[in-house]
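As structure tokens, the structure follows; a few thoughts come after it.
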Amino acid sequence: MNISSVEHEVVSEFIINGNPVSIEPYGNGHINNTFLVVCDSGNKYILQKVSDAFQIDALMKNIDAVTSFIAKKSDDPARQMQLIHTKENGNYLTYNGGHYRVFNFVENSICLEAPESTDDFYEAAVSFGKFQKMLEDFPAETLTEPIKNFHNTPDRYRIFKETLAADKFNRAKDVQAEIDFALAREAEAGTLQNMRDSRKLPVRVTHNDTKLNNVLFDKSTRKSLCVIDLDTVMPGLSLYDFGDAIRFGAATAKEDEKDLSVMTIDLDMFRAFTRGYISSCDLTDAEIDCLIIGAKTMTLECGLRFLTDYLDGDNYFKTSYEGQNLDRCRTQFKLVSEMERLNDEMQQIVKEEVSKLK
Ligand code: ADP
Ligand code: GN1
Ligand code: MG
């Protein structure tokens, strides 16, 4: 059976409106296999084969609960992510050992790989800020971690060191500079986790994967509509969301750019996101003080994860060419260096934007 007939069989098990006329790969996610399903009724759906990295039952229970919770709070539920159940009322389907799920396709939406203006990035910040605020009264204790220790940076270091010691693909010899870069920052990289453990930072329900391409925008008004890719929603720190969004959206180059000279942080973008985020959710003074640490830590952690995956033979992040994870690691580490260089300018921006709020 070829892929497309498998996908057709899978979709027919869900409560969809009409018969699929096409099912094509869609989007640029690194984790799941995503398809756009177009039906003869005109209805469109997103079908995903979910990565094996997740504990599927816990994951889908989280997503079902979070999407229903948000739909109840939204003025326009049709333009939010909604999970489509199977005819057996399941929230996913296992077929030939693969796990599949279906969402409504949010109509007239676009997804951006990079902001085209500071307004775009401001809009994304408002979406992520509101998302956190909307989930303020969500019963956090009912959420399970679909990937344990997702943003526990010291634990990411532990896995990195184990992978490095094993060096199964004999790749460590080619990446000594990157290994040294990561190890030199290990102590500092534990700051957020230490503050979380000592309760200096509040644990909230957070998204944890706040790449710009996890936000949908209205095609015509260019206002942000909703946040997608809810796989990693779980208790976490606001700094994970702020930091990961900056890492991706305020970067001046693509995640796998080979010319590192073009990679830095765009301070206007940084300002736009900071303004949008701090004005749409309520952060404590300790959180505000840690915004820049959040950006640096999430960028370093992401680079470390790419490096670990490179050493491990590229089995977590999807790659389209040999060495892509190493390229990704290098852009992230360059961005960390740039954030270190521009630290004072970033602090000044946070200070100015906070003072405008008062
Ligand atoms: P991954 O975890 O692999 O990143 P995502 O859930 O982010 O997967 O989906 C990949 C891409 O598919 C998104 O970046 C977006 O372009 C598109 N997408 C996902 N869900 C929807 C949706 N409900 N409506 C419209 N587009 C969507
Ligand atoms: C993955 O799923 P996607 O493509 O939005 C990853 C993030 C990384 C990101 C790097 C569940 O995000 O944690 O920051 O790639 N998601 C998961 O681009 O591991
Ligand atoms: Mg995604």
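Since every read-out is calculated from the coordinates, none of them should be taken as a lab result. A quick note: this is a predicted structure, and the numbers were derived from the prediction, not measured. Ideal geometry is used to build each Cβ from the backbone, glycine not excepted, and the neighbour counts take in all protein chains shown.
Treating only the Cβ atoms of Lys and Arg (+1) and Asp and Glu (-1) as charged, compute the dipole magnitude of region 177-218 about its Cα centre; round to the nearest 20 debye.
340 debye
Given a cut-off of under 8 Å on Cα pairs at least six residues apart, what relative contact order in percent is computed for region 118-355?
Relative contact order of region 118-355: 29 percent.
Pull up the cross-link candidates among the lysines for LYS168, meaning alpha carbon to alpha carbon under 24 Å and not fewer than 8 places away within one chain.
List returned: LYS148, LYS318.
Mean Kyte-Doolittle hydropathy of -0.5 or higher plus an axial Cα length of 27 Å or more: which whole DSSP H helices in the chain meet both?
What comes out of the filter, once short or polar helices are dropped, is 291-311.
Percent of Cα-Cα pairs per 5 Å bin, from 0 to the last occupied bin, for region 239-284, please list those.
5, 21, 28, 21, 12, 7, 4, 2
Alpha carbon centre of region 325-355 versus region 250-280: separation in Å?
If we compute the Cα centre of each part, the gap is 8 Å.
With only Lys, Arg, Asp and Glu charged, each at its Cβ (+1 for the first two, -1 for the last two), find how big the charge dipole of region 3-107 is about the Cα centre; round to the nearest 20 debye.
260 debye
Could you please state, rounded to a whole Å, how far the C-alpha centre of region 65-101 is from the C-alpha centre of region 1-60?
12 Å
Pick out, from SER337, PHE150, THR252, the residue whose Cα sits farthest towards the positive end of the charge dipole of the chain, with +1 on the Cβ of Lys and Arg and -1 on the Cβ of Asp and Glu.
Projecting each Cα onto the dipole axis, the largest value belongs to PHE150.
So what's the convex hull volume per residue for the Cα atoms of the chain, in Å³?
145 Å³
In a shell of Cβ-Cβ distance under 13 Å around THR86, excluding THR86 itself, what net charge do Lys and Arg (+1) and Asp and Glu (-1) give?
With Lys, Arg at +1 and Asp, Glu at -1, the neighbours total -2.
Please sort by residue number the trypsin sites (Lys or Arg not before Pro) in region 128-168 whose DSSP state is loop and whose Cβ has at most 15 other Cβ atoms within 10 Å.
Those that pass, being in a loop and sparsely packed, are LYS148, LYS168.
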